[in-house]
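Each reported figure results from applying straightforward, stated rules to the coordinates on display, with no laboratory input. Note that the coordinates shown come from a computational prediction; the quantities given were computed from them, not determined experimentally. Cβ placement follows ideal geometry from the backbone for every residue including glycine, while neighbour counts extend to all protein chains displayed.
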Amino acid sequence: MRLLGALLLAGAALRFATLGEQSFWRDEASTALALDGGLGHVLSSVRDLEGLPPGYFVLAWLWSKAFGLGEVGLRSLSAVIGVGTIGVAWALGREWSARAGLLAAGLVAASPFLVWYAQDARPYALLVLLTATATLLLVRGRPLGWGLAAAAALLTHYFAVFLLVPQATVLVRRHGRAALPGLAPPVAAGLALLPLVAAQADNRVVWVSGTALTGRIADVAKHWTVGQLGTPVDAAGVLAVGLLAAGVVLGLGATRGRWLVATALAAMALPVVLALAGSDYVLDRYLIAALVPLLAVAAAGFASRPAAGVALTLLFCAFTLDSAADDELHREDWRGVARTLPAAAVVVATADADRPLRWYAPGVRPVTTPVVTRDVVLLASWRIGKPRPPTPPPPGGFVLAGRTDGPTTTVVRFRAPAPVPVEPGALAPLTLDASEAPVLLQR
């Protein structure tokens, strides 16, 4: 138990130590804006602006009443949940052996992908905890417990269904008619969510298919081992991918390992099949529910070769620490950008800056008619690739006042000798990302 306690403390340190270092990115800012009001505002924001069920948002709204809507306050919910997931992984690994339990806890504690989402004010950490709990209860042969955890997972994220459908198949095969009480809760939750699904059916994740499917499938293996965003895959990354794959293969020796891997692989294959049929949801974080079961099987495989399991855990820890230390691997610093915006400046931004600026620069409003300003600011994130050079200054006497290429954002400033009227149509072509329609804002 001392080793488990040490792993829990280490996992907590990785999650809490840098919780407020990075500003909210686009989706986290959406969470903060949704929670900034009463429960009715939360539910209407989820219905109108999100493509998700309300479970996480209701829980986060309650959490924010005690801890606030700042970066640390909101993300601390995910961090606490992420630490809890370490304990569930330990219990899942112990279904094989005590050593497998400790290795599973270590892998989950250090996983760069799981640490990233344990520092994210979005539903993914809660989804991981609930699906990992459902997996544990399925292994222990508790249909009703599985059903309750599955229903909670479905109320947290629709894409829990990718793992729950294969697990439900296993549940029926193992328990027959005795599985019916376990199937009832997720079925009831799914039926209750149908009106919300219909209200949100406006292609809110259509952007996913904007990149090649094969590249996104490869990103799953990369990000689940090396980390999120632009982390390079060097020799250590290749070794980590190989070790994880070897551990999973070794874990297939037990029947339990085979069907756990089968359900996890099915959870990853289902969205690929849907993508080939025209509904594309293949994204590393959308498949995250399958990660803890795979890590548990790998831990079981490493139980007879603990040095390999420890090596993978240490690699995970190194990737996590490197991501925390490298500013270029962080979320976009919209908090810092907002502090530099001149009063009354007109901002020509990419879409991912819209909601963060509304959060960090209160009073920002869309520009749809001619406005008067002395400052025009162009914004883009490096997530879209290197922003292009600025176009000529906007008409009206503006001159280039400076360009700042930060680790995660580019800011280009134009200034006129005196406030002048500007037309939205004249500003839109200035965008640093010609691949999408710009967002025009004024503080």
Taking every alpha carbon pair in the range 334-442 and sorting the distances into 10 angstrom bins from 0 up to the bin holding the longest one, the percent per bin comes out as 15, 54, 30, 1
Reviewing (1) 70, 53, 41; (2) 62, 61, 41; (3) 74, 48, 44, the figure for Cα extents along the principal axes in Å actually calculated from this model sits under (3)
Taking a crude spin-label model, label points 7 Å out from Cα along the C-beta direction, the R140 to A218 distance in nm is 4.2 nm
1/(1 + (r/R0)^6) with r = Cβ-Cβ of A262 and S435, R0 = 35 Å, i.e. FRET efficiency to nearest 0.05, evaluates to 0.35
Here the gain from full extension of V399 to L276, 0.36 nm per residue of separation minus their alpha-carbon distance, amounts to 39.4 nm
Short to long, in 5 Å steps from zero, the percent of alpha-carbon pairs of the range 302-368 per bin is 3, 14, 18, 13, 9, 9, 8, 7, 6, 6, 4, 3, 1
Note: S209 to L194 extended length (0.36 nm per residue) minus current alpha-carbon separation gives 3.0 nm
FRET efficiency (L314, S44; Cβ distance; R0 41 Å; to 0.05) is 0.30
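Under the rule of -39500 (n - 2.57) per DSSP H run of 4 or more residues, summed and divided by the residues of the chain, what mean residue ellipticity at 222 nm is obtained, to the nearest 500 deg cm²/dmol?
After summing the helix terms and dividing by residue count, I get -19000 deg cm²/dmol.
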Per the rule of 0.36 nm per residue minus the C-alpha distance, extending T368 to R174 adds in nm 63.8 nm
